[in-house]
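The values are calculated or read from the model by the stated rules, or taken from the named source; none is laboratory data. Predicted model only: the values in this text are computed from it and were never measured. Here the Cβ is made from the backbone with ideal geometry for all residues, glycine too, and neighbour counts use every protein chain on show.
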Amino acid sequence: MSAERTLSILKPNAVAKNVIGSIYARFENAGFTIVGAKMLHLTREQAAGFYAEHDGKPFFNGLLDFMTSGPVVVQVLEGENAVQRYRDLMGATNPANALAGTLRADYADSLTENAVHGSDSAASAAREIAYFFSEGEVHSRIR
Ligand code: RTP
Ligand code: MG
């Protein structure tokens, strides 16, 4: 398995809890390298474009309300098998189903306000990284 990149977002509820550093430590302790990072307050258009795959679903408008409710921190994580290993670190989408020790078990407030985002495939990761970062903003060892 070779090194891979994935796109991570600390959602508005996580940022509001003042746990950016605590979650960054969890990334590093799990063996990920942070190779790009920025804080943004998403516009509705930016959030809708990011979550375009969910357009038309019943939770879409509520998801946009939440994702634009405050600043987020967006980062590119690099490591072996990063997409799947980061999904495992986050835990299940619904925190009621998230295993103990996962980020969502520790920081989520609800199914919508579930603290963190992670790409769901290598193809999604490539799209999502390009959505937020130009080439010069990702300082990867595998470029
Ligand atoms: P994410 O994309 O944020 O990493 O989460 P995910 O892959 O685990 O879940 P996904 O199915 O892609 O859903 C995207 C986000 O939409 C919110 N959601 N709300 N109320 C609902 O029924 C519902 N379902 C999903 C969550 O914030 C979820 O992370
Ligand atoms: Mg998803």
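Of the residues Ala25, Ala30, Ala37, Ala3, only one is of a type outside the set (Asp, Glu), over 22 Å from Ser110 (Cβ atoms), away from ligand 2 (no atom under 15 Å from the Cβ) and at pLDDT below 95; which?
Ala3
Checking the conditions here, which among Met39, Met90, Met67 is under 27 Å from Ser140 (Cβ atoms), near ligand 1 (Cβ under 10 Å from one of its atoms), hydrophobic (A, V, I, L, M, F, W, C) and touching a strand residue (DSSP E or B) at 6+ places or on another chain (Cβ under 8 Å)?
Being under 27 Å from Ser140 (Cβ atoms), near ligand 1 (Cβ under 10 Å from one of its atoms), hydrophobic (A, V, I, L, M, F, W, C) and touching a strand residue (DSSP E or B) at 6+ places or on another chain (Cβ under 8 Å) holds for just one of Met39, Met90, Met67, which is Met90.
Within segment 85-99, is even one residue touching a residue at least 40 places away in the same chain (Cβ under 8 Å) and touching a Ser or Thr at 6+ places or on another chain (Cβ under 8 Å)?
There is at least one residue in segment 85-99 that is touching a residue at least 40 places away in the same chain (Cβ under 8 Å) and touching a Ser or Thr at 6+ places or on another chain (Cβ under 8 Å).
What is the residue count in segment 92-106 for residues that are within 14 Å of ligand 2 (Cβ to nearest atom) and not aliphatic (A, V, I, L, M)?
Residues flagged as within 14 Å of ligand 2 (Cβ to nearest atom) and not aliphatic (A, V, I, L, M) within segment 92-106 amount to 3.
With the checklist (1) buried (at least 16 other Cβ atoms within 10 Å of the Cβ); (2) touching a helix residue (DSSP H, G or I) at 6+ places or on another chain (Cβ under 9 Å) in hand, flag the one item Ala30 doesn't pass.
If we test Ala30 against (1) buried (at least 16 other Cβ atoms within 10 Å of the Cβ); (2) touching a helix residue (DSSP H, G or I) at 6+ places or on another chain (Cβ under 9 Å), just (1) comes out false.
Among what's in segment 56-71 and is within 14 Å of Thr43 (Cα to Cα) and in contact with a helix residue (DSSP H, G or I) (Cβ under 6 Å, 6 or more places away or on another chain), pick the residue that is nearest to ligand 2 (Cβ to nearest atom).
Filtering first and then ranking leaves Met67.
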